[in-house]
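K.L.:
Submitted below is the structure of interest, expressed as structure tokens.
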Amino acid sequence: MTGMSAPMKSQAMEIRGHSPGVALRSLVIGLTAFLTVVDLFATQAILPSLTRHYNVTPAAMGIAVNASTIGMAVAGLVVGFLSPHIDRRLGILVSLVVLAVPTTLLAIAPDLTTFTVLRIAQGLCMASAFALTLAHLGEQCSSMDAGGAFAAYITGNVASNLIGRLVSAAVVDTLGLASNFYFFALLNLAGAVLVYFTIHRVKPMHAVHAARSPLAATIEHWRNPALRSAFAIGFCILFAFIGTFTFVNFVLVRAPLSLGRMDLGLVYFVFAPSVVTTLFAGGAVARFGTRPAIWGALAVAAVGLPLMLSSHLPQVLAGMVLVGIGTFFAQACATGFVGQAASDHRGIASGTYLACYFLGGLVGSAVLGQLFDRFGWSACIAGVGASLAIAALLTVGLTLKPRSAGSPA
């Protein structure tokens, strides 16, 4: 990439005043991801409480809670489209500060409609920060560093699923629903503070491509068969994840498992193994290739599905562990692939991927919610399995075009 020294390429983020080691850099990247998306799935741990509070069906509450994916899909496209002209640091900062507003207002949402609108607003802010951070990583990392940087970011995403759910369940159990949202608004502001002190102001890398419009770049990305496959895989991954970890909450609280609210929060220690395994996604891709890594991850997730149909808690928890490991590992591999497959305008490519990813979550919550309400948990699991199978077929298309010696890594 022109205008960047080799040391600059090798660092995705820097603490002002000195260059951290790889471990510290990974910690900063992961913590930024954690504070960016901690609101996304934390509410799933309190779904039964919210369902009772608003006196609605599980499917209706599931759609409302996951409505944030609407905002995330829209913001992913818009931010990706405008990415060449957005200052990364300022954009991430503004997104996280504004995110605290709808998070706070959720504490006093009077009805399900208002709750849903505020969740969409949260999604708009979260995806803006998420897409800009991915673009920043793709632009500031060398090809050698990219896998580890993206894996660290997705690992922070995994940690937000675990810790966010635990914290949400604990706060609601001790202080009530409203206090939960006030607490998470403070976490949003903490994310803004972290970004302020850890990300340097860097001009968008592809602003030099002024002759090519964002629309032309978007069309070119969609014409790339490998990128199309990656976008569709992202759709399938969150479709499967949402279907599993939204509606399993209702299975866990009813007979024969009959877990209490705090116990339901503790269940999400099932994400702890994923925090560790996702860190190895970059290494797995480097050693085995993207396709074998994703196929292996999807296979792990698929093995977990029949276990979740058991009436015994240990088997259900084991199934949740495997689905979590598989889907997050596949997500890390696919995210890194998009950064490699897009020869330029990586911000647009990342935004498009995220739009498809979160659209999959929205469709998953709607389709699988209906299956759950009408036909039960077994039908919901069957839908999840079908999504994983489609993702495995799409993985065949993940091949990189050879680049010329002068092209950016």
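K.L.:
Report the equivalent ellipsoid semi-axes for the stretch 247-308 in whole Å, largest first, defined as the square roots of five times the eigenvalues of the gyration tensor built from alpha carbon atoms.
P.N.:
Working through the eigenvalues yields semi-axes of 31, 14, 6 Å.
K.L.:
Compute the projected area of the convex hull of the Cα atoms of the stretch 345-401, averaged over all viewing directions, and report it in nm² to one decimal place.
P.N.:
On the way: hull surface 18.2 nm².
Over all viewing directions, the stretch 345-401 projects a mean Cα-hull area of 4.5 nm².
K.L.:
Expressed in whole Å with the largest first, what are the equivalent ellipsoid semi-axes of the stretch 229-344 derived from the C-alpha gyration tensor as the square root of 5 times each eigenvalue? Walk me through the numbers before you get to the answer.
P.N.:
Values: eigenvalues 176, 34, 28 Å².
Semi-axis lengths for the stretch 229-344 are 30, 13, 12 Å.
K.L.:
Based on the Cα gyration tensor of the stretch 254-409, what are the three equivalent ellipsoid semi-axes, each the root of five times an eigenvalue, rounded to whole Å and given largest first? Spell out each step's value before the answer.
P.N.:
Numbers: eigenvalues 218, 59, 39 Å².
Semi-axes from the Cα gyration tensor: 33, 17, 14 Å.
K.L.:
So what are the radius of gyration and Dmax for the Cα set of the chain, in Å?
P.N.:
Calculated on Cα positions, Rg and Dmax stand at 20.0, 63 Å.
Here, each number is a calculation from the coordinates, and none is a lab measurement. Quick caveat, the model's predicted, so the values are computed rather than measured.
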